[in-house]
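Just so it is clear, none of the values below were taken in a lab; they were calculated from the coordinates. Just so we're clear, the structure is a prediction, and the values are computed from it rather than from any experiment. Note: ideal-geometry Cβ built from the backbone for every residue, glycine included; neighbour counts use all protein chains shown.
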Amino acid sequence: MTEKNAVGNPPPVTQIVSEALSRLRFEQLPEAVVSQVKACILDTVGVMIRGSYTPPPRVVADYIKAQGGSPQASMITDGFKTTAFNAAYANGCAAHSIELDDGHLMAHNHPGAMVIPAALALAEKVGSSGKDLLTAVVAGYEIAIRLGTAINANKDGALYRRSFHPSAVTGSFASAAACSILLKLDAAKTAQALGIACLGPASTMGTFQRGAYAKHSFCGWPAAVGIMAAELAQAGYTGDDTVFEGPMGFCQAISDDYSLEVLHEGLGKRWRFLEIYRKRHAMCSHGHPIMDALLAIVQKNDLRPEDISAVNIISYEFVSKMNSVRP
């Protein structure tokens, strides 16, 4: 029986994933993966620092400062310390604010901006080792990539047809996976953390068209929820421990064409993490092919602005939808 849109008795995917995560150790990571995760953390922290000076994250930072909270972890803005939950939210917003966060083409999401703010905040709170931090970030990326790819199994961006933002609806699972590593949860509690993490809002793309600040929360909120989910699981709180494969679970609720196999196949052996991209342009990756083509034409023909009377672009439907307003 194929696992795609599995009916009857699908494999216990949440359990399989949780067991793989609970067994993951730094020593298992190949050299290429270790090199990649260090580069991703450096890249994301750089984006967070620059992003923290833009208006949307500043509003969030000022709001959190006004709330106070236990000084558990650092916000990138001004080094202010607050709860790990709040710090992850603020830093996740900053990481997503200047359109330079890394991503994965088939998952259609931005793992770094969802996972790294959560992992840094919780690692600071609990005093994790550097090796545990690196391992946790790799785990988070793996879940972000695999889950995003699994629910877009037909490869044409199923979530976009429903106007969902993939990072917002998948990110809490990814950050919960990373935080489960940092808290050293066993397989059973990791499964509970993943089940609790199914709290992401059905965040829609309308924020893009309106130029709304709330768009930046699409990575900040999942980062914070992942911390909460893992800590609640550690404390004995329970969630749906069949959250991925269950007949009323996440995959069937969010997608008409999903593949459970993608979620667990080769987890801990095949490193999907190595497939991520980093941006050349500070813009949504859907526009990058257009920008690259334009730059190539300009360079090849030594064009000047006065040489151009019009630019005609042919692209796919989602790009045209995103062009309806100039925020």
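I'd like the FRET efficiency for R161 and L199, computed as 1/(1 + (r/R0)^6) with the beta carbon distance as r and R0 of 25 Å, rounded to 0.05.
Between R161 and L199 the formula returns 0.60.
For labels at A39 and H286 in the simple 7 Å Cα→Cβ model, what's the distance in nm?
2.8 nm
Would you please state which residues of segment 126-144 a label at F26 would reach in this model, taking the label point 7 Å out along Cα→Cβ and a backbone N cut-off of under 18 Å?
From segment 126-144, the list is 126-141.
I need the peptides 215-224, 242-251, 123-132 ranked by packing, meaning the mean over residues of other C-beta atoms within 10 angstrom, with the highest value on top. Let's see the in-between values first.
On the way: 215-224: 28.4, 242-251: 20.2, 123-132: 15.7.
Top to bottom by mean Cβ count within 10 Å: 215-224, 242-251, 123-132.
Measuring from label point to label point, each 7 Å out along Cα→Cβ, what is the M322 to M248 span in nm?
In this crude spin-label approximation the distance works out to 3.6 nm.
Run the reach check for K131 against lysines, Cα to Cα strictly under 22 Å, same-chain hits fewer than 8 apart removed. What comes back?
K38, K184, K189, K269
Please compute the Cα-Cα pair-distance distribution of segment 100-248 with 10 Å bins starting at 0, giving whole percents from short to long.
P(r) for segment 100-248, in whole percents per bin: 13, 43, 33, 10, 0.
How far is helix 217-234 tilted, in degrees, relative to the longest principal axis of the Cα atoms in the chain, given as a value from 0 to 90 rounded to the nearest 10?
The helix 217-234 is inclined about 10 degrees to the chain.
When you count, for each residue, the other Cβ atoms within 10 Å and take the mean per peptide, how do 299-308, 67-76, 87-96 rank with the highest first?
The most tightly packed comes first, giving 87-96, 67-76, 299-308.
Using the scaling law 2.2 N^0.38 Å as the reference, what is the normalised Cα Rg of segment 200-271?
Details: Rg = 15.5 Å, N = 72, 2.2 N^0.38 = 11.2 Å.
Output field value: 1.39.
In whole Hz, with x marking every Gly and Pro, tabulate ³J(HN,Hα) for segment 44-54 from phi via Karplus 6.51 cos²θ - 1.76 cosθ + 1.60, θ = phi - 60°.
My calculation for segment 44-54 gives 5, 5, x, 5, 4, 4, 5, x, 5, 8, 8 Hz in order.
Pairwise over distinct Cα atoms, reciprocal of the mean inverse distance: report the Kirkwood radius of the chain in Å, one decimal place.
Kirkwood hydrodynamic radius for the chain: 20.0 Å.
Using unit Cβ charges (K, R positive; D, E negative) and no other charged atoms, how large, in debye to the nearest 20, is the dipole of the chain about its Cα centre?
On the way: 28 positive and 29 negative charges, 106 e Å.
The calculated dipole for the chain is roughly 520 debye.
Assigning unit charges at the beta carbon (Lys, Arg +1; Asp, Glu -1) and nothing else, what dipole magnitude in debye, to the nearest 20, does segment 8-125 show about its Cα centre? Before the final figure, lay out each step's value.
Details: 8 positive and 10 negative charges, 59 e Å.
The dipole of segment 8-125 has a size of about 280 debye.
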